[in-house]
1. Please find, among 150, 202, the residue that is at pLDDT 95 or above, among the small types (Gly, Ala, Ser) and either surrounded by fewer than 22 Cβ atoms within 10 Å (Cβ to Cβ) or not assigned by TED's automatic domain parsing to the domain that holds residue 107 (or both).
2. Which members of segment 108-147 meet the condition of being part of a helix (DSSP H, G or I), of a type in the set (Lys, Arg) and outside the structural domain of residue 95 (by TED's automatic domain parsing)?
3. Determine which member of the set 115, 111 is at pLDDT 95 or above and over 14 Å from the mean Cα position of the chain (by Cα).
4. Report every pair of residues separated by at least 6 positions or lying on different chains whose Cβ atoms are under 8 Å apart, first residue within segment 120-148 and within 13 Å of residue 161 (Cβ to Cβ), second not in a helix (DSSP H, G or I).
5. Hey, does segment 79-96 have a residue that's on the phi > 0 side of the Ramachandran plot, within 27 Å of the chain's Cα centre (by Cα) and modelled with pLDDT of 65 or more?
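The values are calculated or read from the model by the stated rules, or taken from the named source; none is laboratory data. This structure is a prediction, so every number in the text was calculated from the model and none was measured. Here the Cβ is made from the backbone with ideal geometry for all residues, glycine too, and neighbour counts use every protein chain on show.
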Amino acid sequence: MIKSIKLETASSRTVLIIAGFLCLATIVFIAKWCFANALATKAPSKEVAELSVNVAPNDPQTYYALAILNEKTFLSENLPKSLSAFEQAVALSPNDYRLWLVYGKTLERSGDSAGAERALRKALEFAPNYAQVQWTLGNILLRRGEIREAFFEIRRAAESDKNYRIPAVAAAWQLSGGSLANIKQNLGDSANLNSALVMFLAKQNALSKPLRFGTLCPPKKRKPRSKRKAKHCLEN
């Protein structure tokens, strides 16, 4: 048996109509958001990305896509547009470390190293243990000449992600002036980085003569079992 609701008053009918419009508006808003987001994710051109921004101006993904596409043109006049789009993206999603990370890289490419550092520190605030953020911040600081602070972040990145160990050693080597003491000062006494240093030196043909087992070996390996194994570690 089907029951119907009898609307006795005009106010009841008005409330029902308003509720219906609100539901419709919500559906349209969600549909536009989803469409714009999907469009931005695979936007083939700036024009398509701009369309997605117009369709969903409150979606950070649309601004991110527009920023990336402007940057990829490699045209100097598009760099400010890219930065502006990134600013909108991080304003709409301020807790997303990925946006701050890419924004920071773009700022440095634009010549704003101080702004790049601030952006990367925001990324680090939301992803303190993410190696890529640590590595990027470390390199920005390194290019600014802040060696001590730079290698603090570089060491952390290299410890948590082995893919950064050889690059970390290479960076320390370039700044060392050929001094092993300077390399160790920047890299610290990590077993992982010491091993990476030995590998790096071997590839650079730096092990031109047998060097005694020493301070670059992990503590548990300080006493070699044979002279052959002793050649694989270095002494200061």
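1. So the residue among 150, 202 that is at pLDDT 95 or above, among the small types (Gly, Ala, Ser) and either surrounded by fewer than 22 Cβ atoms within 10 Å (Cβ to Cβ) or not assigned by TED's automatic domain parsing to the domain that holds residue 107 (or both) is 150.
2. Selection gives 143 alone.
3. After ruling out the rest, the residue left standing is 115.
4. 131/161; 132/161; 133/127; 135/161
5. So far as segment 79-96 goes, no, none of its residues is on the phi > 0 side of the Ramachandran plot, within 27 Å of the chain's Cα centre (by Cα) and modelled with pLDDT of 65 or more.
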